[in-house]
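Read the figures in this text as sums done on the coordinates, not as results from a lab. Here the structure is a predicted model, which means the values were calculated and not measured. Cβ placement follows ideal geometry from the backbone for every residue including glycine, while neighbour counts extend to all protein chains displayed.
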Amino acid sequence: MTNTYRRALTIAGSDPSGGAGIQADLKTFSALGCYGMSAIVAVVDENTVGVTGVHPVPVDFVTGQIHSCLDDIGADAIKIGMLHSAELIRSVRETLDQYPEIKNIVLDPVMVATSGDPLLEADAVATLREVLIPRARVITPNIPEAEILAGCKINSQDELPQFAKRLSESCGGVSVLLKAGHLHDDELIDIFYNAETGQTLPLKSRRLATANTHGTGCTLSSAFAAYLAKGFGLDEAAKAAKDYIAAAIEAGSRYKIGHGHGPVHHFHNWW
């Protein structure tokens, strides 16, 4: 008998300190039982304190990595993270269009690091919204990213369901997992708008007072992709990904590492 892997590819930047980016994605894929692959778009000089620099990988080398993975191994799901330029965004879209059979694409519209450092060139926002997001099945913006994509402000938790739906409609009908972490309510309620059913799903968790939030967005989106790779439906994958990141944040809050925003505990189910 020959076993088969559930395969997940991440297209994102690296984090040498191991808490975010490619490193967080691969840890998440492994923790959730997927075979992880990566196409590195930039070498990022960062740690828990902040981002010092970004060294882009040439665009044709990025697309070459994607082809190498998909032509040989294939993928059951793809997670897309930091894409720093409009040229790269267009090239990734053109490359993915050569693999129309891959539907499970989760895009985390990374624009700003946890430390507040910008990670996306200003002219790339419109390209991301108009060119790449319509190719995705799910996007996972936090509130500042959603406000940039939609061009308007979010003022309260009550606005999130309708905001997620409007954002979906303005971005080509993509499903939206809108993260509520930037609000300050006692209860943390993310909102998942399933564009394929037109239904909205609240995802609740306990809000923790912890500095260890480095890479939470990367981890949530890669968990969503991992569950889709394993055959979960959209709602089921959204719930499972939310449960995974909530548990990873809680487990990580008991550790001290670095001098800034520490990471979550990706392998909390194992050690």
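Which pairs, out of Lys153/Lys239; Lys79/Lys165; Lys27/Lys79; Lys79/Lys204, put more than 19 Å between their alpha-carbon atoms?
Working: Lys153/Lys239 26 Å; Lys79/Lys165 22 Å; Lys27/Lys79 13 Å; Lys79/Lys204 23 Å.
Cα-Cα > 19 Å for Lys153/Lys239; Lys79/Lys165; Lys79/Lys204; rest within.
With N set to the residue count of region 196-254, report its C-alpha Rg divided by 2.2 N^0.38 Å to two decimal places.
Values: Rg = 12.3 Å, N = 59, 2.2 N^0.38 = 10.4 Å.
Here the Cα radius of gyration is 1.19 times the empirical estimate.
So what is the calculated 222 nm ellipticity per residue for the chain, using -39500 (n - 2.57) for each DSSP H run with n of 4 or more, over all residues, to the nearest 500 deg cm²/dmol? Could the numbers behind the result be given before it?
Working: 8 runs with 92 residues, N = 271.
Value at 222 nm, helices only, nearest 500: -10500 deg cm²/dmol.
Over what distance in Å are the Cα centres of region 141-192 and region 206-225 separated?
Here the two parts' Cα centres lie 16 Å apart.
For the chain, what is the relative contact order in percent, using Cα pairs closer than 8 Å and at least 6 residues apart in sequence?
On the way: 576 pairs, mean separation 54.1, N = 271.
It comes to 20 percent, rounded to a whole number.
Out of residues 5 or more away from Val51 or on other chains, whose amide H comes under 5 Å of its own, with H placed 1.01 Å from N in the peptide plane?
Residues meeting the criterion, in which the H sits 1.01 Å from N, are Asp117.
Just in region 1-103: which trypsin sites (Lys or Arg not before Pro) are loop by DSSP and have at most 15 other Cβ atoms within 10 Å? Could you put the intermediate results ahead of the total?
On the way: sites: Arg6, Arg7, Lys27, Lys79, Arg90, Arg93, Lys103; in loops: Arg6, Lys103.
Passing both the DSSP loop test and the Cβ count: Lys103.
Decide, for region 1-125, between rounded, prolate and oblate: order the square roots of the alpha carbon gyration tensor eigenvalues as a ≥ b ≥ c, take rounded if a/c falls under 1.5, and otherwise choose prolate if a/b is larger than b/c, else oblate. Intermediate values should be presented prior to the final figure.
Details: a/c = 2.15, a/b = 1.36, b/c = 1.58.
Since a/c reaches 1.5 but b/c is at least a/b, the shape of region 1-125 is classed as oblate.
Name the long-range amide H neighbours of Ile80: under 5 Å, sequence gap of 5 or more, or other chain; modelled H, no Pro or chain starts.
Ile11, Val106, Leu107, Asp108
Counting residues in the chain as N, plug N into 2.2 N^0.38 Å and put the Cα Rg over that result.
Numbers: Rg = 17.0 Å, N = 271, 2.2 N^0.38 = 18.5 Å.
In units of the globular-protein estimate, the chain measures up at 0.92.
Could you give the length gained by full extension between Trp270 and Asp243, i.e. 0.36 nm per residue of separation minus their alpha carbon distance, to one decimal place? Working shown, then result.
Values: separation 27, 0.36 × 27 = 9.72 nm, distance 1.55 nm.
Length gained, Trp270 through Asp243: 8.2 nm.
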